[in-house]
Structure formats: structure tokens, C-alpha cells
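Right, I'll just put the structure down here and ask away after.
Read-outs: derived from the displayed coordinates by stated rules, not from any lab. Every value quoted in this text rests on a predicted model; they were computed, and no experiment measured them. Note that each Cβ is placed from the backbone with ideal geometry, even for glycine, and that neighbours are counted across all protein chains shown.
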2 protein chains.
Amino acid sequence: MSIQSKLKQLKQIYAEITKLDQISCLVSWDQETYMPPKAAAGRSEQLAILAKIIHQKNTSPQLGQLLQVIYENLDQLSTSDQRFIRQKYRQWQLNTRFSSDFVSLWSSTTSQAIEAWKIAKAKKDFSLFAPFLHKIVDLLKQKTQILGQPNNYDALLDYYEPNLTKSIIDPIFEDIKTATKQILANVPDTHCEKFITPIKWQKSFTQKLLSIIGYDFEAGRQDQVAHPFMTRVGDNDIRVTNTFHTNNLSSLFSALHEGGHALYEQGMDLEYIQLLTDDERSLVIHESQSRFWENIIGRSEAFWRPLFVDMQTDLPEVFGKMSLEEFLSKINIIKPSLIRVQADEVTYNLHIIIRYEIEKMLIEQGLKVNEVPQVWNQKYQEYLGVMPAHDGEGCLQDVHWSIGNFGYFPTYTLGNVLSAQIWNYYKKQNPNYQDILNQQDYPAILFWLQKNVHKPGTLTGALELVKSLTGEDLNAGHLIDYLENKYKT
Amino acid sequence: MSIQSKLKQLKQIYAEITKLDQISCLVSWDQETYMPPKAAAGRSEQLAILAKIIHQKNTSPQLGQLLQVIYENLDQLSTSDQRFIRQKYRQWQLNTRFSSDFVSLWSSTTSQAIEAWKIAKAKKDFSLFAPFLHKIVDLLKQKTQILGQPNNYDALLDYYEPNLTKSIIDPIFEDIKTATKQILANVPDTHCEKFITPIKWQKSFTQKLLSIIGYDFEAGRQDQVAHPFMTRVGDNDIRVTNTFHTNNLSSLFSALHEGGHALYEQGMDLEYIQLLTDDERSLVIHESQSRFWENIIGRSEAFWRPLFVDMQTDLPEVFGKMSLEEFLSKINIIKPSLIRVQADEVTYNLHIIIRYEIEKMLIEQGLKVNEVPQVWNQKYQEYLGVMPAHDGEGCLQDVHWSIGNFGYFPTYTLGNVLSAQIWNYYKKQNPNYQDILNQQDYPAILFWLQKNVHKPGTLTGALELVKSLTGEDLNAGHLIDYLENKYKT
């Protein structure tokens with residue numbers, strides 16, 4: 001059998017795995033949107049069986065043999081296929097390094113930990129979660145060992161974004177820390193006003209926002225959930241979800257954020273995306289796209305100029321007495337706070353940096369799990385000048401650690417970093433960008449992103465993409481320029 | 001390994017198969033409820049992969065060996081497990097009789113046929129569907145041969161309801177035909193009035209109806225679709241769907257019908273139902289439960305007495321000027337018509353009998369496919385006194401034949417038959433039944449059904465159930481009594 005026909009055979013196997021992975025995403029989507037409460041236990045079992053079948057297929061000897069032979073004959077493949085095979089080979093090597101004992105221990109530990117975390121968070125008591133976090137940190141250290149980099153946090157970073165290391169992140173985060181400190185020193189202390197709007201209006205207005213930025217409702221939909229997310233449940237079925245609060249406008253920015261993720265998914269290279277599973281994406285590129293639409297576009301004057309007129313017509317009692325400038329200042333308030341997911345675009349990165357520093361301390365520097373709350377509170381006091389009243393609004397606020405996602409948080413801020421680098425490059429390539437913005441010509445921007453980011457970003461990591469696109473390495477300069485420029489007083 | 005531990009192992013395999021089958025039901029449910037239009041092609045592929053995996057698991061040598069050994073040692077098992085193993089062994093023998101070539105030919109033929117049927121129905125032109133129906137009838141004849149009963153329709157009946165034969169059906173259908181003719185001769189010709197009600201009201205009122213009959217919304221939900229159905233997508237997740245029309249009240253009766261199906265599913269023996277796939281149910285028992293709530297309860301005076309007061313309060317402009325008696329007569333109008341799914345409870349059975357007779361003619365009596373429209377129209381004229389203006393409202397109206405479901409239609413009328421037998425037995429066992437009805441004490445009725453029908457009906461066919469419950473064979477007597485009594489003039 002020729003390498004080409006072996007490749008065809010391999011792609012058929014991956015196409016099946018991808019479809020099963022999409023089904024798993026659909027089952028999870030239903031769990032968050034429409035599943036009745038008593039179905040929860042049975043649902044977990046359904047997901048576990050799908051995961052087992054996917055794992056079996058991903059680690060089958062047949063697949064391993066095909067991959068091995070094709071990998072040894074890479075030179076006979078097209079450039080894209082080479083990329084594709086390298087990525088799958090890397091993934092396969094990672095998968096096969098972990099014994100099934102380790103995989104099932106990991107799975108049972110995190111299942112228990114997430115339940116413990118929910119209770120601990122509700123009871124605002126870190127001590128209920130600490131023993132589980134302790135086990136997870138132990139397993140993560142074992143993971144670094146299995147991956148050949150004992151007690152090195154880099155091993156965990158690489159898992160979420162290929163080739164990402166502390167040596168790349170550290171200078172970027174230091175620059176951001178310094179710049180943020182300066183911006184915060186000059187920002188006036190402002191009172192956050194409440195916008196009271198009907199949920200029904202929010203639902204229809206967020207649909208409108210999604211349509212405006214180019215989200216295809218014929219290949220997706222928006223539903224209500226407890227915590228917003230985006231998920232690809234099929235090749236032409238990329239769904240966003242949203243959370244609606246009567247007393248703030250967060251759903252508008254969630255729509256733009258999840259919509260940005262979805263535009264990336266809708267713009268990916270279909271030939272390859274139907275061969276990849278949900279976790280085989282650059283998280284940094286993903287976050288760069290969500291943040292671009294949420295912040296760079298979605299908090300700009302040009303974006304809201306026509307929309308604010310509609311809002312004033314829709315809800316004169318809420319927006320009628322306000323000028324566009326007042327509205328813009330209210331959706332761009334910078335104010336240090338305790339909760340990451342509610343943070344503004346300036347202080348957000350400090351929330352991430354604190355988590356990054358604590359994760360490194362736990363994996364590399366011998367920080368004890370029971371010292372986490374103290375270090376957490378101290379860093380919040382130091383970087384943000386705020387102090388959690390309890391662990392529920394402190395180190396228990398995020399789900400990530402309970403499911404073992406160490407090395408994940410940094411990708412959020414690196415997404416901000418990348419979005420600013422891409423935007424800077426876009427402006428250089430399109431000197432008429434101000435006209436494009438003023439005309440709200442988002443199809444033009446989306447078209448450029450599809451060609452330059454979404455399609456090439458299907459099989460490329462963020463570090464490689466930013467270099468080949470802009471000629472620069474990943475760096476904080478453009479994000480800092482953007483923020484300093486926007487929030488200069 | 002002991003037989004008991006082999007049984008345990010086998011049950012684990014079946015539990016996995018059931019969960020995958022439930023996932024497949026959820027994926028299909030989403031396809032009908034919330035899937036965006038462009039996702040259709042990818043969705044079919046997802047379902048095909050699940051079907052393949054389920055088929056592989058169901059026909060694996062490991063499963064076959066376990067089943068064989070356990071079947072040879074049936075006497076070591078509990079009565080329920082014996083029943084369970086007999087059913088699975090029968091299913092396994094059926095599955096393994098068909099070559100994979102036959103299975104894939106069947107699958108590709110019916111996929112094409114359903115598309116051809118859709119077009120033919122839309123164009124009202126049977127000739128576009130005829131070549132496909134011809135292929136399907138050929139394959140069905142091959143099926144009877146493979147099943148050891150060449151050109152015998154019984155082989156197909158047995159597939160949907162174990163041990164069902166023409167010799168059981170024929171006298172039942174003859175009795176119904178005669179009795180229906182007499183009822184129709186005495187029924188006055190009435191004009192069907194339209195009820196115009198808002199969809200929003202129908203949605204909330206049907207939720208109320210479902211709650212009243214005991215449907216558990218903590219373990220299910222109701223959603224809007226093009227054609228109503230019920231589906232079990234998890235152990236505690238049994239969903240109903242509904243179709244809402246502004247100009248009639250069909251959604252109310254659909255809610256009771258699908259709700260009846262769902263009550264049966266919610267009442268089944270959990271120990272075994274989590275080991276069975278969606279097609280391993282008695283269709284006759286299922287239909288007896290949907291028809292019981294839709295017709296025997298759902299078109300009765302006692303049921304609507306309190307509800308009609310609510311309806312008059314909700315929508316005085318629609319129901320305010322009408323008495324309860326007038327309303328009851330309007331929802332119980334008997335009028336021969338062309339479309340099965342819109343038929344009343346008296347004429348409905350004639351629609352089924354016509355289909356049954358034509359199916360027998362096609363399989364056993366050499367009726368040619370292109371003669372179907374002529375025979376169809378002739379029988380409608382003869383039995384119902386109506387004549388289709390075109391095949392769209394004639395022999396193309398149902399999906400069943402396009403997916404090869406021959407032998408399925410009779411289970412609908414046998415469901416009516418069984419519902420009347422069960423109800424008759426209930427009344428004998430509960431002489432105070434009129435009080436129960438007058439008090440709308442549906443929990444009491446449901447409790448009795450769960451104990452006497454739902455739980456024992458999990459591993460028992462309709463023929464066996466009706467005999468062991470009532471002491472009688474399946475017979476039309478009680479249905480005819482019920483209809484004659486209700487519609488006597």
C-alpha cells in the first residue's frame with residue numbers, strides 16, 4: 001500500500017474520531033442547555049463511554065502503525081499533510097506515554113475534585129478542596145516526569161500551546177505587570193453603574209450583535225446557560241451560549257467573546273478541521289479571536305455608534321438620557337476587582353498573572369497547597385489592591401484547578417497579547433482601516449482574518465503563526481500600546 | 001468463570017450499547033429540535049458512525065460467545081434474567097442472520113427511498129417513489145426468506161411484536177371493520193369547527209396537561225418539532241416533542257399521546273431498561289399507553305371538566321361562549337377523512353386496516369407496486385367513503401414504507417385494542433373507578449399501570465402481557481364496546 005493510500009486510511013480513522021468527539025461536545029452542550037436535572041448521573045456515564053471509545057481509537061495499534069510509517073515518509077506528503085501528521089504524531093506519542101492506570105487515576109481524581117470544589121466554593125471553605133488539589137498537584141508533577149521534564153512547569157504549558165515555555169511567558173507578563181501598574185495609577189476611581197434591561201431584549205440584541213460580526217446562524221445557534229461557552233458539535237454546527245443578567249450588560253460582551261471563538265471555528269480549514277478533536281486547537285489563537293471581537297472591536301466607539309441609536313430606540317428609559325460618549329465610558333471602566341471573569345480588559349491580565357505565578361510555585365517551587373489562599377490574597381492585595389473576604393471570591397473562584405488544568409490560564413492573557421499583535425499588523429496592511437471601522441465593514445475584517453489567521457491557524461500554533469504572519473515573536477508591546485493609548489488620561 | 005459472572009460481564013456490554021443507543025437518540029432529538037440547517041449532512045454521518053459502532057458491539061464474537069454459554073445454562077438464572085437472555089438471544093440470532101452486505105444494501109436503499117419519498121410526496125407523484133418502493137418490497141421478501149418464512153408477512157410482523165401473526169390480527173381487524181361500519185352508519189355528519197388559540201398558550205397548557213397525567217419534568221422536557229415524537233435519551237431523560245398549530249387543538253392530544261408513551265418509559269423496570277436499545281420494546285404495549293391517555297382519558301368528560309374552566313379563564317374569547325358539553329362534542333367528532341394522523345379514534349383503525357391489507361398483498365399476493373395507488377384509493381372509497389385527490393394525501397402520506405417499516409402499522413390499532421382491554425380490566429379491579437376519574441386521581445391510575453403494565457411490560461410482549469394480566473387473549477371486544485358505548489346515538 002502506498003503512503004498516499006495509508007494516509008487516506010489514517011484520515012478516515014481520524015474523521016471517525018472527530019465525529020465521535022463532536023458527538024461528545026453535543027452531549028455536553030445538551031447537558032448545559034436543556035438536560036433535565038435527574039438525567040445528570042446517566043449523562044456522565046454516556047460521556048465516559050464516548051471518551052473511552054475515542055481513547056481506544058486514538059491509541060489503537062492499527063492507528064499507531066499507520067502513523068509511524070507515514071511519519072517515516074513525511075517527505076512524500078504535501079506541506080499541509082506534513083503539518084497534520086506531525087501534530088497527530090506528537091499527540092499520539094503523548095497519549096501512549098501515559099499508562100491506562102495513570103489515565104484512570106487522573107480521571108477519577110479530577111471527577112472527585114470538581115465535586116469537592118463545588119462544595120468548597122459554595123461553603124467558601126478552601127480546606128474542603130485542599131486535599132483534592134494536593135492530589136492533583138502530585139499527579140501533575142508525575143505528569144511532568146512522564147513527559148521527561150520533572151517538576152518543570154514547561155511540560156504543562158506545552159500541553160495547551162505547543163512549544164510555549166516560561167522563558168517566553170515571563171518577559172511578556174513582566175512587561176504587562178509594569179505597564180498595568182502605570183495605567184492603574186492614572187485611572188480615576190469610578191462608580192460602576194447598573195444597566196437594568198429585560199432578558200428578552202438581551203437575547204434578541206445579542207443575536208443581532210452576532211449577526212453583525214458575521215456569525216452564521218444557519219450553521220449555529222445561541223442558547224442560554226449558566227456559564228457562557230462556544231462548542232463545535234458538527235462540521236457546520238458551531239454553537240455559542242450566553243448568560244443573561246437583568247442588572248448588567250455582560251451578555252453583550254459574552255456574545256462578542258463567544259462569537260469571536262465561533263468565527264474562528266467557522267473560518268477554519270474544513271479539510272483538516274474535520275480530522276481534529278476539540279482539544280487540538282491553539283488556545284492562544286482561539287482567545288486572540290474572542291478578545292479581538294469582545295474588546296478591540298466590541299468596546300470601540302465605531303462599533304457602538306450605530307448600535308447605540310438602536311438601543312436608545314429599543315429602551316429609551318435605559319439609554320435615552322445618555323450620550324454615546326457616556327455609554328462608552330461606562331462599558332470601558334477600569335476598576336480593580338476580585339473576580340477574573342468580571343474584570344475589565346486592563347486588570348484582567350493581573351488576575352491571570354497571579355494564577356500563573358501560583359501554578360509555577362506549586363509545581364516548581366515547593367509551595368504547599370494549604371498556603372495557596374494566603375499567597376493568593378497577598379498577591380491580590382499587592383497587584384490589584386483588593387482583598388477577598390473569603391476563598392469563594394478568592395482562590396476558589398475558578399473551576400480550572402479542580403479539573404487539573406494547570407498551564408491553561410496563561411493562554412488567556414497571551415490571547416490578548418496576540419489579538420493586539422494581529423490588529424497592529426492588520427492596520428499596517430490596511431491603511432484605510434479607520435474607514436473600514438467607520439463603515440462597520442466587519443465582513444472585510446472577517447475575510448482578512450479568515451485568510452490570515454483562521455485558515456492557517458488550523459494546523460499552526462500561536463508562536464509559529466504570529467512569527468510567520470507579522471515577522472515578530474509573541475510580545476506584549478502592541479497590547480501595552482493599545483491599552484496605554486486607550487486609557488491615557 | 002461462573003454463569004453469574006458471565007451474566008454480569010454480558011450486562012456490562014449491553015449497558016454500554018444502551019448508552020450509545022441513547023446518545024444516538026439524543027443526537028436525533030437535536031436534529032429535529034435545535035440543529036441549524038447547514039449541519040444536516042454532517043449530522044447524518046455522526047449518526048451513521050454511532051450506528052456502526054453499536055452494530056459492531058451487538059454482533060461481536062465476544063458477545064455471541066457469552067450469550068451462547070449463558071443461554072445454554074438458562075436454568076441457573078432468575079426468571080427475569082431468563083426473560084432478558086431469551087430476548088437478547090433472539091435479537092442476536094436475528095442480527096447474525098443478515099449478512100453485512102444485506103445490511104448495507106438495506107441501509108443505502110432506504111436512505112435513497114426516504115429522499116425519493118419526500119420529493120414524490122411534495123410533487124404528489126407516486127411514480128417518483130415507485131421504483132424505490134419496488135426495491136424495498138424485493139428486499140423485504142428476501143428478509144422473509146432469510147428469516148425462514150419465504151414471502152410470509154408473519155416474518156415481518158414478528159420483527160415489531162414478538163409472536164404476532166396474521167392469524168391473530170385478521171379476526172381482530174375483521175371485528176373492528178364490521179363494528180366501525182355500524183358506528184359510522186349512525187354518526188351524524190358534523191362540521192369540524194376551528195379553534196384559534198395562541199401557540200404560547202398551547203405550549204404552557206400542554207406542559208400543564210403533561211404534569212397532570214404524571215409526566216416528570218425533572219426527568220424530561222417538551223420541545224417543538226415538525227412531527228411529534230417521544231424519545232428516551234438517558235435513564236432519567238425521556239423527552240416528548242410537540243407540534244403547535246394556531247387553528248386547531250391537536251397539540252393538546254399530541255401532548256397526551258406522547259406523554260402516554262413517556263409515562264410507560266418512565267415506569268419501566270430500570271434494572272433492565274438500561275440494558276435494552278430503543279427498538280427492543282413492545283410497540284403494541286407502547287401504543288396502548290399513548291392511546292389510553294390520548295383517547296380513553298384524554299377525550300373524556302371527567303378529564304376536561306376542571307380543565308375547561310381553566311381554558312375559559314385563559315382564553316374567554318375562544319372558549320367563553322361554549323359549554324363543556326359543546327367542547328366535548330367538538331373534540332369527539334367522528335368524520336371519515338383522508339389523513340391517518342388527523343383521524344378520530346373510530347375511523348383511525350380503518351386507515352390502519354387498509355395499510356395492513358396492502359402490505360399483505362405486496363408481500364404475499366403478488367400485488368405490483370404500481371398498482372398501490374389504485375388499490376389504496378379504492379379501499380378508501382369503500383371503507384371510508386372518501387377519495388384522495390392525489391397521492392400526496394393518499395398512499396404517499398406516511399413515511400413508514402420508505403424506511404421499510406412493513407408490519408409496523410398494525411401495532412397502532414392493536415395498541416388501541418390493548419388499551420381498551422387494560423382499561424376494562426382496570427375497571428374490574430377498581431370498582432370505584434368512576435370516583436377516581438371524577439376526582440382526577442391520575443396518580444392512582446398511573447401507579448396501577450406502572451405496577452401492572454409498565455414494569456412487567458419491560459421484558460414481555462403484548463400478547464403475553466395481556467394474557468397474564470387479564471386472562472384473555474388480545475381481542476377487539478373491549479375496544480368495540482368502548483367505541484359503541486361512547487358513540488351510540
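Just how far, in whole angstrom, is segment A:291-334 from segment A:122-170 if you go by their alpha carbon centroids?
40
Taking the label point 7 Å from Cα in the Cβ direction, how far apart in nm is B:Gly148 from each other copy of itself, listed shortest first?
Nearest to farthest, the other copies are at 6.1 nm.
Taking a point 7 Å out from Cα toward Cβ as the label site, list the nm distances between B:His400 and the same residue in every other copy, smallest first.
In ascending order, 5.8 nm.
Using θ = phi - 60° and the Karplus relation 6.51 cos²θ - 1.76 cosθ + 1.60, list the HN-Hα couplings for segment B:215-222 in order, rounded to whole Hz, with x at every Gly or Pro.
5, 8, 6, 6, 10, x, 6, 10
Now, a different point. Please work out whether segment A:80-180 counts as rounded, prolate or oblate from its C-alpha gyration tensor, where a ≥ b ≥ c are the square roots of the eigenvalues and a/c under 1.5 means rounded, while otherwise a/b larger than b/c means prolate and anything else oblate? Don't skip to the answer; put the middle values down first.
Working: a/c = 2.25, a/b = 1.21, b/c = 1.86.
It is oblate, given that a/c is not under 1.5 and a/b is not larger than b/c.
Right, next: So, counting K/R as plus one and D/E as minus one, what does the shell of residues with Cβ under 14 Å around A:Ile70 add up to? Don't skip to the end; give the middle numbers.
Working: positive: A:Lys6, A:Lys8, A:Lys11, A:Arg83, A:Arg86, A:Lys88, A:Arg90; negative: A:Glu72, A:Asp75, A:Asp81.
Summing Lys/Arg as +1 and Asp/Glu as -1 gives +4.
Would you mind classifying segment B:425-489 by shape? Square roots of the alpha carbon gyration tensor eigenvalues, ordered a ≥ b ≥ c; an a/c under 1.5 is rounded, otherwise it is prolate if a/b is larger than b/c and oblate if not.
On the way: a/c = 2.39, a/b = 1.14, b/c = 2.09.
It is oblate, given that a/c is not under 1.5 and a/b is not larger than b/c.
So for each of A:363-372, A:147-156, A:400-409 I average, over its residues, the number of other beta carbons within 10 Å; can you give me the resulting order with the highest mean first?
Numbers: A:363-372: 15.7, A:147-156: 17.4, A:400-409: 21.6.
Descending mean neighbour count gives A:400-409, A:147-156, A:363-372.
Under Stokes-Einstein, with the Kirkwood radius over Cα pairs standing in for Rh, what whole-number D in µm²/s applies to segment A:1-97 at 10 °C and 1.306 mPa s?
Numbers: Rh = 15.0 Å.
The diffusion coefficient I find is 106 µm²/s.
Ok, one more. Over segment A:1-97, what is the relative contact order in percent, taking alpha-carbon pairs closer than 8 angstrom and at least six residues apart?
Details: 47 pairs, mean separation 34.7, N = 97.
Relative contact order of segment A:1-97: 36 percent.
How many angstrom lie between the C-alpha centres of segment A:389-425 and segment B:374-397?
Each part reduced to its Cα centre gives a spacing of 66 Å.
Using the 7 Å Cα-to-Cβ label point, sort the distances from A:Thr190 to its equivalents in the other copies shortest first and give them in nm to one decimal.
For A:Thr190, the other copies' label points sit at 6.8 nm, shortest first.
I'd like to compare B:434-441, B:106-113, B:82-89, B:355-362: which one has the highest average count of other Cβ atoms within 10 Å, and what's the full order after that? Mind dumping the intermediate values first?
Numbers: B:434-441: 14.1, B:106-113: 16.4, B:82-89: 18.6, B:355-362: 21.4.
Peptide ranking by packing, descending: B:355-362, B:82-89, B:106-113, B:434-441.
If R₀ is 51 angstrom, what is the calculated FRET efficiency for the pair B:Asp278 and A:His390, using the beta carbon separation as r and rounding to 0.05?
Working: r = 48 Å, r/R0 = 0.95.
So the FRET efficiency works out to roughly 0.60.
Shifting gears a bit: Roughly how big is chain B's charge dipole about its Cα centre, with Cβ charges of +1 (Lys, Arg) and -1 (Asp, Glu), in debye to the nearest 20?
Numbers: 49 positive and 57 negative charges, 127 e Å.
For chain B, the charge dipole is close to 600 debye.
Another question, then. Which whole number gives the average, over all residues in B:454-464, of C-beta atoms from other chains lying within 10 Å of the residue C-beta?
The per-residue average across the peptide is 0.
Right, something else. Taking the Cα centre as origin and putting +1 on Lys and Arg beta-carbons and -1 on Asp and Glu beta-carbons, what dipole magnitude results for the protein assembly as shown, to the nearest 20 debye? Mind showing how you got there, number by number?
On the way: 98 positive and 114 negative charges, 134 e Å.
Dipole magnitude for the protein assembly as shown comes out near 640 debye.
Sort A:175-183, B:129-137 for me by packing, meaning the mean count of neighbouring Cβ atoms within 10 Å per residue, highest on top. Write down the numbers at each step before the final one.
Details: A:175-183: 16.4, B:129-137: 19.9.
Ranking the peptides A:175-183, B:129-137 by packing returns B:129-137, A:175-183.
Using the Karplus equation 6.51 cos²θ - 1.76 cosθ + 1.60 (θ = phi - 60°), what ³J(HN,Hα) coupling, rounded to whole Hz, does each residue of segment A:172-187 give in order, writing x for Gly and Pro?
Rounded to whole hertz, the list is 4, 5, 5, 4, 5, 4, 4, 5, 5, 4, 5, 4, 4, 4, 9, 8.
Classify segment B:262-394 from the C-alpha gyration tensor, please: rounded if a/c falls under 1.5, else prolate or oblate depending on whether a/b exceeds b/c.
On the way: a/c = 3.22, a/b = 1.26, b/c = 2.55.
Judged from the Cα gyration tensor, segment B:262-394 comes out oblate (a/c at least 1.5, b/c at or above a/b).
Shifting gears a bit: Could you state the number of Å between the C-alpha centres of segment B:1-56 and segment B:199-214?
30
If Lys and Arg each add +1 and Asp and Glu each add -1, what is the summed charge of the other residues whose beta carbon sits under 15 Å from the beta carbon of B:Asn186?
Numbers: positive: B:Lys181, B:Lys335, B:Lys486, B:Lys488; negative: B:Asp189, B:Asp344, B:Glu484.
Around B:Asn186, the charge tally is +1.
Treating each Cα of the protein assembly as shown as an identical point scatterer and ignoring solvent, apply the Debye formula and state log10 I(q)/I(0) at q = 0.06, 0.10 Å⁻¹.
Log10 I(q)/I(0), no solvent term: -0.54, -1.28.
Within a Cβ distance under 14 Å of A:Thr206, other residues only, what is the Lys/Arg minus Asp/Glu net charge? Display every interim value, and only then the final one.
Numbers: positive: A:Lys200, A:Lys203, A:Lys208, A:Arg221, A:Arg239; negative: A:Asp223, A:Glu258, A:Glu294, A:Asp310, A:Asp314.
The answer is 0.
Residue by residue through segment B:352-360, what is 3J(HN,Hα) from phi via Karplus (6.51 cos²θ - 1.76 cosθ + 1.60, θ = phi - 60°)? Round to whole Hz and write x for glycine and proline.
Per residue, the Karplus-derived 3J(HN,Hα) values read 5, 4, 4, 5, 4, 5, 5, 4, 4 Hz.
Using the Cα centre of segment A:99-199 as the reference point, and only Cβ charges (+1 on K/R, -1 on D/E), how large is the resulting charge dipole? Debye, rounded to the nearest 20.
Numbers: 11 positive and 12 negative charges, 84 e Å.
It works out to roughly 400 debye.
Ok, one more. Across peptide A:228-240, what mean number of C-beta atoms from other chains lies inside 10 Å of a residue's C-beta? Mind dumping the intermediate values first?
Numbers: counts 0, 0, 0, 0, 0, 8, 13, 7, 9, 11, 2, 4, 0.
Mean shielding count: 4.
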